[in-house]
1. Let me have the 222 nm mean residue ellipticity of the chain computed from DSSP H runs of 4+ only, each contributing -39500 (n - 2.57), with the sum over all residues rounded to the nearest 500.
2. Run through the DSSP bridge list for the chain and note the antiparallel percent, rounded to the nearest 5.
3. Within the range 36-120, which GluC sites (Glu not before Pro) sit in a loop by DSSP and count at most 15 neighbouring Cβ atoms inside 10 Å?
4. Using the Cα centre of the chain as origin and beta-carbon charges of +1 (Lys, Arg) and -1 (Asp, Glu), tell me which of His62, Ala30, Val103 is placed farthest towards the positive end of the dipole.
5. How big is the charge dipole of the chain about its Cα centre, in debye rounded to the nearest 20, if each Lys and Arg gets +1 on its Cβ and each Asp and Glu gets -1 on its Cβ?
6. Expected output is a single nm value to one decimal: the length gained when fully extending between Arg72 and Glu93, i.e. 0.36 nm times separation in residues minus the C-alpha distance. What is it?
7. Would you mind getting the Kirkwood hydrodynamic radius of the chain from its Cα pairs, rounded to one decimal in Å?
8. So, in nm, how far is label Leu85 from label Glu121 when the simple model puts each one 7 Å beyond its Cα toward the Cβ?
Amino acid sequence: MSFGAAASAHRGRRPAPDALCPCGRRAFAACCGPVLDGVPAETPEDLMRSRYTAFALADARHLADTWWPATRPDDVSVDDGTSWLGLEVLRSETTPDGRTGRVAFRARWRDTATGESRLLEEDSRFLRRAGRWYYADAL
Ligand SMILES: [Zn+2]
């Protein structure tokens with residue numbers, strides 16, 4: 001084990017560049033891949049999708065990096081007992097000043113211990129500072 005190996009484990013798994021992105025929009029390398037590698041998301045929806053994908057790939061580092069500092073938990077971790085099955089974005093909007101956004105979505109997941117499928121519905125708020133979007137909280 002080296003620091004390098006620890007860091008890459010923290011970054012989670014990565015699908016093949018031409019595989020469908022876990023968020024379901026298009027190929028990973030043209031979808032959430034660059035955002036997971038640190039390229040700023042252009043819209044709140046792009047950031048929301050990259051965070052869903054980070055949950056699916058167990059990339060706790062991306063979740064921590066894109067969480068608004070005031071609302072970020074002390075320990076951001078990814079639950080191994082959750083298998084993410086699909087994402088549907090219902091609505092997304094950005095205020096005219098480009099500093100706040102909202103994304104309503106549904107995400108399906110399965111509890112790997114019980115095999116039970118569940119639906120998460122959320123209306124998330126995002127804030128943009130210094131050219132980067134951050135997840136703030138859910139309404
Ligand atoms: Zn994606």
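1. -6000 deg cm²/dmol
2. 95 percent
3. In loop regions of the range 36-120 (DSSP not H, G, I, E or B), the sparsely surrounded GluC sites (Glu not before Pro) are Glu42, Glu116.
4. Ala30
5. 280 debye
6. Working it through step by step, the gained length comes to 5.3 nm.
7. Taking the inverse mean of 1/r over all distinct Cα pairs, the chain comes out at 15.4 Å.
8. The answer from the label model is 1.7 nm.
Read the figures in this text as sums done on the coordinates, not as results from a lab. Only a predicted model underlies this, so the values are computations on that prediction, with no experimental measurement involved. Glycine also receives a Cβ, built like all others from the backbone with ideal geometry; neighbour counts cover every protein chain displayed.
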